[in-house]
Amino acid sequence: MRTTETSKTVLRLAAQGHLIGEEWVADDAGGTHQHRNPATGEVQADVGLATAAGIDGAVVAAAAAQEDWADRPPRARAEILFRLADLLDEHAPEAAELAALDNGTPVSAMNPGAYTAAWVRYYAGWCDKLDDEVLSSGAGGREYVRLEPYGVIAAIPPWNGSMMGMGQKCGPALAAGNTVVAKPPEIAPFGMMRFAELALEAGLPPGVLNVVTGGPEAGAALVSHPGVDKISFTGGVVTARTLMQLAARNLTPLTFELGGKSANIIFPDADLDAAVAMAAYAGPTLSGQGCALPTRLYVHDDVYDTVIGELVATVQAAKVGDPLDPGTMVGPVVTEAAMERILGVIERAKGDGATLLCGGNRLGGPLAQGWFIAPTVFGDVDHDSDLARNEVFGPVLAVLRFHDDEEVLAKANDSDLGLSAYVHTRDATRIARFIDKLEVGTVAVNGMSGGSPTMPFGGVKHSGFGREGGREGIEEMVVRKAVFEHPTA
């Protein structure tokens, strides 16, 4: 495996600990997490975990800084955020290497620094656009709506994109005049920590952004803290239910972006080469560690055999290996526990009668010490099986047959989750109908969705509520105050 100077950054970030107010605090009162390189299994750093006391200090610091931050002229807030975006772009190569060391994402697969910069830059542009909405004005007075920050936002990004999650959550929160307490996942904290360093370098005042790493105790303390005014969480459904119960103590509002089991539908009239390439790249070859990835592939009977042949050949040709190697397409999964869980899913799928077309095993040889699973494709998967219904979050693609439009539409919608869906066809009437009828937050036609900061992203059903991106994303971070201002005597 390759070595990189970014390994030293990992050690430095772990050693300096948590950002609380104006200081980095090396607090391990909640214990220590041994962070391991997913590609080698070797310990990279000891990450100190905070307790409820650390969370309380961060919330107090955020609350103390919030009024001054909100009172700054919008252009002054924007200038800091624009500088932060520039710094994120400048350090984009480092961010890609951090993601590889953090969670095993290949440097060829994502550009987290540039992605995060785009979100921060987009919301910097919103700072001076949150004007009062005047509904009526005249001799009888004015009626208008003020858009005001909530106050302190608890931001909990996911481990599979912690720096990118900071852009999605902190970008709109800070632009709207809120302050933030962010909790990195202990299994992948370094992208968030580096974001915080660059934010301070850009001129963000102390206390406006606080970053406290911790396990379940810290997460519970943050979500149930009476000083938190809103919560933005990305993660799994089970955890979300727990967070809702904790937030209920103070009736704290939440935004949730949760899991997905996104249907990817290929009709006979599609551009099959393009559809297969997308299914192979965005499914198992990204290690399946993404909430909106198309991991439930429905293929029409008329082209099933053709698609399967091309799909398996494409997946098997993908290079598996060191995520720091620019030629690698498939890296390891995030932890040993994740690897064991995914291998268990594969064994259950075999027992449920699905046909294993490729993969299905842990990789050995030079990759034996890391948490590598061969990109796996199952064919003839039963619609009601565990593999077809539940999110795997690993390099496992389920392929299912369908006969006609009505059948596949019903099956695509027959899920508790509703994050994204993908349709491949040239039929304009069919496209319009599926856009209308698919029960998801995002529909992409003949390609992937873009992840653009200008578009609202989120789900329906058990995939969550609220949106990140676009105007909708910043409106999640403001409170509307109705004002009836009568003329003075």
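The values are calculated or read from the model by the stated rules, or taken from the named source; none is laboratory data. Computed from a prediction, not measured in an experiment: that's the story for all the values here. With ideal geometry, Cβ positions are generated from the backbone for all residues, glycine too; neighbour counts draw on all protein chains shown. We work out accessible area using only protein heavy atoms, side chains counted, and drop any ligands, DNA or RNA first. Shrake-Rupley method; radii C 1.70, N 1.55, O 1.52, S 1.80 Å.
Go through 340-347, 223-230, 172-179 and give me the packing order, highest mean Cβ count within 10 Å leading. Don't skip to the end; give the middle numbers.
Working: 340-347: 16.0, 223-230: 20.6, 172-179: 27.4.
Going by the mean number of other Cβ atoms within 10 Å, highest first, we get 172-179, 223-230, 340-347.
Using each residue's phi in segment 49-62, evaluate 6.51 cos²θ - 1.76 cosθ + 1.60 at θ = phi - 60° and report the 3J(HN,Hα) Karplus result to the nearest Hz, with x for Gly and Pro.
10, 7, 10, 4, 5, x, 4, 4, x, 5, 5, 4, 5, 5
Taking +1 at the Cβ of each Lys and Arg and -1 at the Cβ of each Asp and Glu, which of Asn210, Gly259, Gly473 sits farthest along the dipole of the chain towards its positive end, judged by Cα position relative to the Cα centre?
Among Asn210, Gly259, Gly473, the one farthest towards the positive end of the dipole of the chain is Asn210.
For Ala64 and Arg142, what does the FRET efficiency come to when R0 = 30 Å and r is the distance between their Cβ atoms, rounded to the nearest 0.05? Intermediate results must be reported in sequence, preceding the final value.
Numbers: r = 33 Å, r/R0 = 1.11.
With a Förster radius of 30 Å, E is 0.35.
What order, most packed first, do the peptides 243-255, 366-378 have when packing is the mean number of other Cβ atoms within 10 Å of each residue?
Working: 243-255: 15.8, 366-378: 21.9.
Result, highest mean Cβ count within 10 Å first: 366-378, 243-255.
Might you report the magnitude of the Cβ-based charge dipole of the chain about its Cα centre, with Lys and Arg at +1 and Asp and Glu at -1, to the nearest 20 debye? Walk me through the numbers before you get to the answer.
Numbers: 37 positive and 62 negative charges, 77 e Å.
So the magnitude is around 380 debye.
Among bridges DSSP assigns within the chain, what percent are antiparallel (round to 5)? Kindly include the intermediate steps, with their values, before the conclusion.
On the way: 31 of 68 bridges.
Here the antiparallel bridges make up roughly 45 percent for the chain.
Report the gain in length on full extension from Asp301 to Glu90: 0.36 nm times residue separation, minus Cα-Cα distance, nm rounded to one decimal.
On the way: separation 211, 0.36 × 211 = 75.96 nm, distance 4.86 nm.
Full extension of this stretch gives 71.1 nm more.
Run the numbers on the chain and let me know its relative contact order in percent, using alpha-carbon pairs under 8 Å that are six or more apart.
Here the relative contact order equals 18 percent.
Report, to the nearest whole %, how much of the accessible area of segment 139-268 belongs to carbon and sulfur atoms, 1.4 Å probe, protein only. Write out the running numbers ahead of the final one.
Working: 1890 of 3410 Å².
The C+S portion of the solvent-accessible surface of segment 139-268 is 55 percent.
Lysine pairs, Cα distance under 14 Å, 8 or more residues apart or cross-chain: how many in the chain? Let's see the in-between values first.
On the way: Lys169/Lys183; Lys169/Lys230; Lys183/Lys230; Lys261/Lys411; Lys261/Lys461; Lys411/Lys437.
Qualifying lysine pairs in the chain: 6.
Students often get this wrong: which residues of segment 23-42 have the backbone nitrogen under 15 Å from the point 7 angstrom along Cα-to-C-beta of Gln369?
Counting only backbone N, you get 36-42.
Under a point spin-label approximation (7 Å from Cα along Cα-to-Cβ), what is the Val25-Lys319 distance to one decimal in nm?
Those two pseudo-labels are separated by 4.5 nm.
Can you compute the label reach from Arg12? Point 7 Å from Cα along the Cβ direction, backbone N cut-off under 14 Å, restricted to segment 94-117.
94-95, 98
Name the long-range amide H neighbours of Phe402: under 5 Å, sequence gap of 5 or more, or other chain; modelled H, no Pro or chain starts.
So Phe402 has HN proximity to Val299, His300, Asp301.
Just add up the charged neighbours of Val145: K/R +1, D/E -1, any other residue whose Cβ is under 15 Å from the Cβ of Val145.
On the way: positive: Lys129, Arg142, Arg146, Arg471, Arg480, Lys481; negative: Asp131, Asp132, Glu133, Glu143, Glu148, Glu475, Glu485.
So the surrounding residues net to -1.
Using a simple charge model, +1 on the beta-carbon of Lys and Arg, -1 on the beta-carbon of Asp and Glu, nothing else, what dipole does segment 179-233 show about its Cα centre, in debye to the nearest 20? Display every interim value, and only then the final one.
On the way: 3 positive and 5 negative charges, 20 e Å.
In debye, rounded to 20, segment 179-233 gives about 100.
With +1 assigned to the C-beta of every Lys and Arg and -1 to the C-beta of every Asp and Glu, and no other charges, what is the dipole magnitude of segment 338-489 about the Cα centre in debye, to the nearest 20?
Values: 16 positive and 22 negative charges, 82 e Å.
My answer is approximately 400 debye.
Given the options Gly459, Pro226, Leu297, identify the residue whose Cα lies farthest towards the positive end of the charge dipole of the chain (+1 on Cβ of Lys, Arg; -1 on Cβ of Asp, Glu).
Pro226
Could you go through segment 98-109 in sequence order and give the Karplus-derived ³J(HN,Hα) for each residue, using 6.51 cos²θ - 1.76 cosθ + 1.60 with θ = phi - 60°, rounded to whole Hz, and x for Gly and Pro?
For segment 98-109, the Karplus curve yields 4, 5, 4, 7, 5, 9, x, 5, x, 5, 7, 8 Hz.
Ranked from highest to lowest mean number of other Cβ atoms within 10 Å per residue, what is the order of the peptides 108-120, 348-360, 197-209? Walk me through the numbers before you get to the answer.
Numbers: 108-120: 23.7, 348-360: 16.5, 197-209: 19.8.
Packing order, densest peptide first, comes out as 108-120, 197-209, 348-360.
Given 0.36 nm per residue, what is the gain on full extension from Asp436 to Arg471 after removing their alpha carbon distance, in nm? Walk me through the intermediate numbers first.
On the way: separation 35, 0.36 × 35 = 12.60 nm, distance 2.22 nm.
Fully extending the segment from Asp436 to Arg471 adds 10.4 nm.
Report the gain in length on full extension from Ala428 to Glu42: 0.36 nm times residue separation, minus Cα-Cα distance, nm rounded to one decimal. Mind showing how you got there, number by number?
Details: separation 386, 0.36 × 386 = 138.96 nm, distance 5.21 nm.
So the chain would gain 133.8 nm between Ala428 and Glu42.
Describe numerically, in nm with one decimal, the distance between label points set 7 Å from Cα along Cα→Cβ at Val443 and at Lys481.
Computed distance between label sites Val443 and Lys481 equals 4.1 nm.
Farthest toward the dipole's positive end in the chain, which of Tyr281, Gly236, Ala489, given Cβ charges of +1 (Lys, Arg) and -1 (Asp, Glu) about the Cα centre?
Going by the Cα projections, it comes out as Ala489.
Let me have the 222 nm mean residue ellipticity of the chain computed from DSSP H runs of 4+ only, each contributing -39500 (n - 2.57), with the sum over all residues rounded to the nearest 500.
Working: 16 runs with 188 residues, N = 489.
Helices in the chain give a 222 nm mean residue ellipticity of -12000 deg cm²/dmol.
Apply the Karplus parameterisation 6.51 cos²θ - 1.76 cosθ + 1.60, with θ equal to phi minus 60°, to every residue of segment 157-164 and state each ³J(HN,Hα) to the nearest whole Hz, in sequence, with x for glycine and proline.
x, x, 6, 7, x, 5, 5, 4
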